[in-house]
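The block underneath contains the structure these notes are about, expressed in structure tokens.
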Amino acid sequence: MNWLQKPSTPGGVVYLAVVGILAVGLAIVVAGGWRLGVVLMGCSFGVAFVARMALPEDRAGMLRIRRPLLDLATMGVCCVAMFVLALVIPDGR
């Protein structure tokens, strides 16, 4: 099993946690609890944002895609957009 290796940086560990939280959030959305799932996905982007801001460039792992400012802006916009989505859309009852 050479393809299955543990992450070599703390950013890689955070990345896997973020992807896992996103998957759980998506599963909750599919199961019908869309508001909770969207909030959970927003939280995962928030975790990625904080980790990208806190980790040095060489330890960011897969959280590092472009320049730090662009990465932070992208994750921040996704985080805020998810929370706004969960707050603005009515239940439909």
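The values are calculated or read from the model by the stated rules, or taken from the named source; none is laboratory data. Being a predicted model, the structure only gives us computed values, none of them experimental. Counting neighbours? That spans all protein chains shown, and the Cβs are built from the backbone with ideal geometry, glycine included.
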Original post:
Does the stretch 37-54 contain at least one residue that is surrounded by fewer than 20 Cβ atoms within 10 Å (Cβ to Cβ), modelled with pLDDT under 95 and among the basic types (K, R)?
Top reply: no
Subject >> Flag if C79 is surrounded by fewer than 19 Cβ atoms within 10 Å (Cβ to Cβ) and assigned to a helix (DSSP H, G or I) >> reply: no
Original post:
What pairs can you find where one residue is in the stretch 22-47 and in contact (Cβ under 8 Å) with a residue 12 or more places away in the chain, the other is of a type in the set (D, E), and their Cβ atoms are less than 8 Å apart, with a gap of 6+ or different chains?
Top reply: R35/D91
Subject >> Options L69, L22, L16: the member that is under 30 Å from D91 (Cα atoms) and in a helix (DSSP H, G or I) >> reply: L22
